[in-house]
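Participant: The following block contains the structure, expressed as structure tokens.
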Amino acid sequence: MSELEGKRVFVTGSGAGIGKAIATLFTQRGARVVISDIDADAAKKAAEEIGAAGVANCDVTDEGQVQAAIQQAVALLGGLDVLVNNAGIEVSSPLLQQSTESFDKIYAVNVRGPFVAMKAAIGHLIESKGNIVNISSIAGIGGSPLLGSYCATKAALIQMTRVAAVEMRPTGVRVNAVCPGFADTAMVERLVPDFEAATQVPFGDLVAMKQGRLGTPEEIAEVAAFLASDRASWVTGSHYVLDGGLTASLV
Ligand code: NAP
């Protein structure tokens, strides 16, 4: 039997990048996945490409939309076993030069988004003894110039993961996080010019020195698949780092 056979899954921000790779791999492993994105065209296209079970879009900053999308997914799937909080944005700015509006926005997407999605999904997950996979980042573990507010949001997501895991343990619901290094997606492409301007080092050299190469969305999806599966039955409150050794090195 496939690792995720029959699992009913909802993935935010899954029209592109890592979320799409998660939806793809989970479907290949037997899950029934509902795609969700702020970009309805991207979600539709991804769902067709993947052969997903359906689409239920939301902007994760809008609690009403998140609740409605999760309800729609539950109706489509007949319940919910896995919530993947993947939707996230980056801001590249020296921290103390960042506008307060932009700081509020990144918190709304990267912290409040997973918070409201976990709240909307938890009743269904308790029923199925399901689990939550939160896509955090190594930016939640170490600091990086230009990524101050992003680092803060991803650290917050690790902490929400830990607390939710402990509080939910008696219900059988597991909650874990994945912390990737730089991966090959549009998000990282957008960061390259600012990083090169700030460091005066070609981004490819920086990546080669710090983590060997860019990770692939598929490699991140593998870890998410393990955490979502019954193979991870005693794993909760954890954050799994995959970064080609970046956080292991002092130089
Ligand atoms: P991406 O390529 O920018 O894709 C993110 C997807 O989420 C896009 O389809 C985006 O739509 C959608 N989205 C953005 N804001 C949203 C919102 N408010 N509500 C719902 N969907 C929204 O990003 P990615 O690199 O795949 O990143 C996915 C997750 O992995 C994020 O949480 C990110 O922080 C995390 N992560 C990424 C890396 C990396 O190196 N790429 C490393 C560590 C962690 P639009 O394109 O229309 O905005």
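Participant: Mind listing whichever residues of the stretch 52-86 are assigned to a helix (DSSP H, G or I) and within 21 Å of Ser128 (Cα to Cα)?
Facilitator: At the first step, the residues of the stretch 52-86 found to be assigned to a helix (DSSP H, G or I) are 63-77.
Answer for the stretch 52-86, where residues must be assigned to a helix (DSSP H, G or I) and within 21 Å of Ser128 (Cα to Cα): Val66, Gln67, Ala68, Ala69, Ile70, Gln71, Gln72, Ala73, Val74, Ala75, Leu76, Leu77.
Participant: Going through Leu157, Leu191, Leu147 one at a time, which residue ends up being in contact with a strand residue (DSSP E or B) (Cβ under 7 Å, 6 or more places away or on another chain) and at pLDDT 95 or above? I'd like the intermediate steps shown before the answer.
Facilitator: On the way: Leu191 fails: in contact with a strand residue (DSSP E or B) (Cβ under 7 Å, 6 or more places away or on another chain); Leu147 fails: in contact with a strand residue (DSSP E or B) (Cβ under 7 Å, 6 or more places away or on another chain).
When all the criteria are applied, what remains is Leu157.
Participant: Exactly one of (1) assigned to a loop (DSSP other than H, G, I, E, B); (2) over 14 Å from the mean Cα position of the chain (by Cα); (3) crowded, with 23+ Cβ neighbours inside 10 Å is unmet by Asp37. Its number?
Facilitator: Asp37 satisfies every listed condition except (2).
Participant: Could you please give the count of residues in the stretch 125-170 that are basic (Lys, Arg), more than 16 Å from the ligand (Cβ to nearest atom) and either crowded, with 23+ Cβ neighbours inside 10 Å or touching a residue at least 60 places away in the same chain (Cβ under 8 Å) (or both)? Even if it seems obvious, please write down each step before you answer.
Facilitator: Of the stretch 125-170, the ones basic (Lys, Arg) are 129, 154, 162, 169.
When the remaining residues are screened for being more than 16 Å from the ligand (Cβ to nearest atom), the result is 129, 162, 169.
Still in the running and either crowded, with 23+ Cβ neighbours inside 10 Å or touching a residue at least 60 places away in the same chain (Cβ under 8 Å) (or both): 162, 169.
Adding up the residues that qualify gives 2.
Participant: Of the residues in the stretch 93-141, how many are among the aliphatic types (A, V, I, L, M), part of a helix (DSSP H, G or I) and more than 18 Å from Ile38 (Cα to Cα)?
Facilitator: Initial filter on the stretch 93-141 (among the aliphatic types (A, V, I, L, M)): 95-96, 106, 108-109, 111, 116-118, 120-122, 125-126, 132-133, 135, 138-139, 141.
In the following step, the residues that additionally are part of a helix (DSSP H, G or I) were identified as 95-96, 106, 108-109, 111, 116-118, 120-122, 125-126, 138-139.
Then drop every residue that is not more than 18 Å from Ile38 (Cα to Cα), which leaves 95-96, 121-122, 125-126, 138-139.
Of the residues in the stretch 93-141, 8 are among the aliphatic types (A, V, I, L, M), part of a helix (DSSP H, G or I) and more than 18 Å from Ile38 (Cα to Cα).
Participant: Could you say whether any residue in the stretch 49-72 is more than 15 Å from the ligand (Cβ to nearest atom) and within 23 Å of Ala183 (Cβ to Cβ)? So that I can check it myself, show each step before the final result.
Facilitator: We begin by selecting, within the stretch 49-72, every residue more than 15 Å from the ligand (Cβ to nearest atom); these are 51, 53-54, 71.
Restricting the remaining residues to those that are within 23 Å of Ala183 (Cβ to Cβ) gives none.
Within the stretch 49-72, not a single residue is more than 15 Å from the ligand (Cβ to nearest atom) and within 23 Å of Ala183 (Cβ to Cβ).
Participant: Further, regarding this structure: Filter the stretch 1-34 down to the residues that are more than 12 Å from the chain's Cα centre (by Cα) and of a type in the set (D, E, K, R), then identify the one that is farthest from the ligand (Cβ to nearest atom).
Facilitator: Glu5
Participant: Then there's this: Hey, any hits in the stretch 104-115 for a residue that's over 16 Å from the mean Cα position of the chain (by Cα), within 10 Å of the ligand (Cβ to nearest atom) and at pLDDT 95 or above? Break it down stepwise before answering.
Facilitator: As a first pass, look at the stretch 104-115 and keep what is over 16 Å from the mean Cα position of the chain (by Cα): 104-105.
Next cut, within 10 Å of the ligand (Cβ to nearest atom) only: 105.
Now restrict to residues that are at pLDDT 95 or above: 105.
There is at least one residue in the stretch 104-115 that is over 16 Å from the mean Cα position of the chain (by Cα), within 10 Å of the ligand (Cβ to nearest atom) and at pLDDT 95 or above.
Participant: So, Val201, is that one part of a loop (DSSP other than H, G, I, E, B), closer than 21 Å to Ser93 by Cβ and not charged (D, E, K, R) or not? First the steps, then the outcome.
Facilitator: Values: part of a loop (DSSP other than H, G, I, E, B): yes; closer than 21 Å to Ser93 by Cβ: yes; not charged (D, E, K, R): yes.
Answer is yes for this residue.
Participant: When the stretch 171-191 is examined, which residues are found to be assigned to a helix (DSSP H, G or I) and more than 7 Å from the ligand (Cβ to nearest atom)?
Facilitator: Initial filter on the stretch 171-191 (assigned to a helix (DSSP H, G or I)): 171, 186-191.
Scanning the stretch 171-191 gives Thr171, Glu189, Arg190, Leu191.
The values are calculated or read from the model by the stated rules, or taken from the named source; none is laboratory data. Not measured: the values here are computed from a predicted model. Positions of Cβ are backbone-derived with ideal geometry, glycine not excepted, and every protein chain shown enters the neighbour counts.
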